[in-house]
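> A single structure is presented below for examination.
The values are calculated or read from the model by the stated rules, or taken from the named source; none is laboratory data. Since the structure is predicted, the reported quantities are computational estimates derived from the model, not experimental observations. Here the Cβ is made from the backbone with ideal geometry for all residues, glycine too, and neighbour counts use every protein chain on show.
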């Protein structure tokens, strides 16, 4: 156990206890501390960071984090926490083709494109403009506490009015188009605008990454909207790696939390949330120690919070059933490779290796990769996103060595044959596919590590191995995230608040669930 305070903390010394030291937990703790609260943050692992926490997978080789790019860190969170993003550069996205003739998106989600016809570039620009405008309407609601059914606040009305005004100023046709497209599948939208399979496959992949939907599934466009609500440096859809690599994020969040006065205790697992007469009032640690506070903030998965940490006898039966029905089974695997040299992808320059490389040859490729997952099987031809993290952070590999990270879809949590049996076969499939685009790669592999959803569940305490803490689908967003009775961060237990990716607006390294939860707590409680 480590602590930011050499003195042993005693019960009753804190205004709030935050469970979980991921980026949302640290954001909530920091905002509360800056608001004058005495805050204790408890993290079960030996280091804070959650899914931003890296790991050594071979001697001398480290993976920086579960996520390997940033595309959703909220500017308000970055500014509030003093995190530096202004010096970041937009990563190029290379839509890989087997013939080495790739499409390359540059700037913030394809402000310019190399490798396509002039007509196709114009078509993509038109689609991009349309989607960014529509995502901007949804963004108004993602950056604020979700409205409460039957208790709409004045600022909620302001958000609705602002969205309506945005549509009115663009004309009736734009309004009709927004309503038409909102719940469409991404394949139909891509087909409306594009003719290049490389670009179609890319947007299909981006819309479904981390979600149990195929590109032809109804509402799959929502996933692309969600991605396009992210920004950096005022540029919508920008994707980047922070200075120092992904591994620099967790220490930056922790440093800001400590400077705000947050007391951090790592290696401390919470086993129970205490409650009395309908109000949460403390926690019990694995050591048996009890700590009390009038406010408990859980940045853990909603299912873990209510079904494992709370006594379900303190909760309504219908509420417990609703929590149990949250769909939260991961569908993405992560492959880390230790390499003895920088890999060479056919047709990709060394400079572009600093970006993200996507294998998704067409809409059909993505759809065909998804179909087996519906039946508990992985695809023989998966789609994936690849980065070379050691280019941003050379400390991840020995001199002259390199690391490769691939997020691979679709890898169902409930694999029919079991991951103990299926992992070697799936890893071989992934490596064979990589070899097609980077000939000779297999000869440079020093070691590999495939992390399945089952592994993510174990290593990061993610029930179901879902990095969003729940599906990002229409029925699990806004007023239904994670469930209606806990959608606004407050819960049926007075004094217990939620602040994880399982809460509004959802997953990704944004900090918004932590920020918005802390804002509500500050507005409703006193030190």
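> Filter the stretch 33-61 down to the residues that are outside any helix (DSSP H, G or I), in contact with a strand residue (DSSP E or B) (Cβ under 6 Å, 6 or more places away or on another chain) and crowded, with 19+ Cβ neighbours inside 10 Å and list them by number.
Result: 37, 39, 40, 41, 42, 43, 54, 61.
> Sticking with this one: Can you tell which of 518, 454, 485 is in contact (Cβ under 8 Å) with a residue 40 or more places away in the chain, part of a helix (DSSP H, G or I) and closer than 30 Å to residue 59 by Cβ? Explain how you work it out, then say what you get.
On the way: 518 fails: closer than 30 Å to residue 59 by Cβ; 485 fails: closer than 30 Å to residue 59 by Cβ.
One residue alone meets the criteria, 454.
> What are the residues in the stretch 116-152 that are surrounded by 17 or more Cβ atoms within 10 Å (Cβ to Cβ) and under 21 Å from residue 89 (Cα atoms), if any?
128, 132, listed by residue number.
> Inside the stretch 427-451, can you point out the residues that are in contact with a helix residue (DSSP H, G or I) (Cβ under 6 Å, 6 or more places away or on another chain) and outside any helix (DSSP H, G or I)?
450, the sole residue that qualifies.
> Sticking with this structure for a sec: Does at least one position in the stretch 318-334 carry a residue that is more than 24 Å from residue 209 (Cβ to Cβ) and either assigned to a strand (DSSP E or B) or over 27 Å from the mean Cα position of the chain (by Cα) (or both)?
Checked against the condition, which is being more than 24 Å from residue 209 (Cβ to Cβ) and either assigned to a strand (DSSP E or B) or over 27 Å from the mean Cα position of the chain (by Cα) (or both), the stretch 318-334 yields at least one hit.
> Tally up the residues in the stretch 372-416 that are more than 30 Å from residue 351 (Cα to Cα), exposed (fewer than 14 other Cβ atoms within 10 Å of the Cβ) and without any contact (Cβ under 8 Å) to a residue 40 or more places away in the chain, please.
Number satisfying all stated conditions: 1.
> Look at the stretch 264-310 and say how many of its residues are crowded, with 18+ Cβ neighbours inside 10 Å and part of a loop (DSSP other than H, G, I, E, B).
Residues meeting the conditions: 7.
> Filter the stretch 311-342 down to the residues that are within 30 Å of residue 379 (Cβ to Cβ), surrounded by 20 or more Cβ atoms within 10 Å (Cβ to Cβ) and touching a helix residue (DSSP H, G or I) at 6+ places or on another chain (Cβ under 9 Å) and list them by number. Full working, then the answer.
In the first step, residues of the stretch 311-342 are kept if they are within 30 Å of residue 379 (Cβ to Cβ); the result is 324-342.
Next cut, surrounded by 20 or more Cβ atoms within 10 Å (Cβ to Cβ) only: 326, 328, 330-339.
Matches in the stretch 311-342: 326, 328, 330, 331, 332, 333, 334, 335, 336, 337, 339.
> Quick check: anything in the stretch 474-487 touching a strand residue (DSSP E or B) at 6+ places or on another chain (Cβ under 8 Å) and buried (at least 22 other Cβ atoms within 10 Å of the Cβ)? Can you show your working first?
Keep residues of the stretch 474-487 that are touching a strand residue (DSSP E or B) at 6+ places or on another chain (Cβ under 8 Å), which gives 482, 486.
Now narrow it down to the ones that are buried (at least 22 other Cβ atoms within 10 Å of the Cβ): 482, 486.
Yes - at least one qualifying residue is present in the stretch 474-487.
> Given the conditions (1) closer than 23 Å to residue 202 by Cα; (2) free of Cβ contacts under 8 Å to residues at least 12 places away in the same chain, report the number of the one that residue 420 does not fulfil.
(1)
> Moving on. Among the residues of the stretch 252-292, which ones are without any contact (Cβ under 8 Å) to a residue 60 or more places away in the chain and under 29 Å from residue 74 (Cβ atoms)?
255, 259 - these are the residues of the stretch 252-292 that are without any contact (Cβ under 8 Å) to a residue 60 or more places away in the chain and under 29 Å from residue 74 (Cβ atoms).
> Here is a follow-up. Give the stretch 78-103 a look and list any residue that's part of a loop (DSSP other than H, G, I, E, B), at pLDDT 75 or above and closer than 15 Å to residue 252 by Cα, or say none.
Residues of the stretch 78-103 part of a loop (DSSP other than H, G, I, E, B): 82-92, 96-102.
With the extra rule that they be at pLDDT 75 or above, the set shrinks to 82, 89-92, 96-102.
Passing the criteria: only 82.
> With the requirement that a residue be within 24 Å of the chain's Cα centre (by Cα) and surrounded by 21 or more Cβ atoms within 10 Å (Cβ to Cβ), what does the stretch 105-115 give you? Write out each step before concluding.
Step one: filter the stretch 105-115 for residues within 24 Å of the chain's Cα centre (by Cα), giving 105-111.
Within the stretch 105-115, 105, 108, 109, 110 meet the criteria.
> Taking residue 479 as meeting all but one of (1) in a helix (DSSP H, G or I); (2) closer than 22 Å to residue 461 by Cβ, write down the number of the exception.
Evaluating residue 479 over (1) in a helix (DSSP H, G or I); (2) closer than 22 Å to residue 461 by Cβ leaves (2) as the failure.
> Could you check how many residues of the stretch 405-426 are under 22 Å from residue 54 (Cβ atoms), out of contact with any helix residue (DSSP H, G or I) (no Cβ under 8 Å at 6 or more places or on another chain) and either at pLDDT below 95 or not in a helix (DSSP H, G or I) (or both)?
The number of residues fulfilling the criteria is 1.
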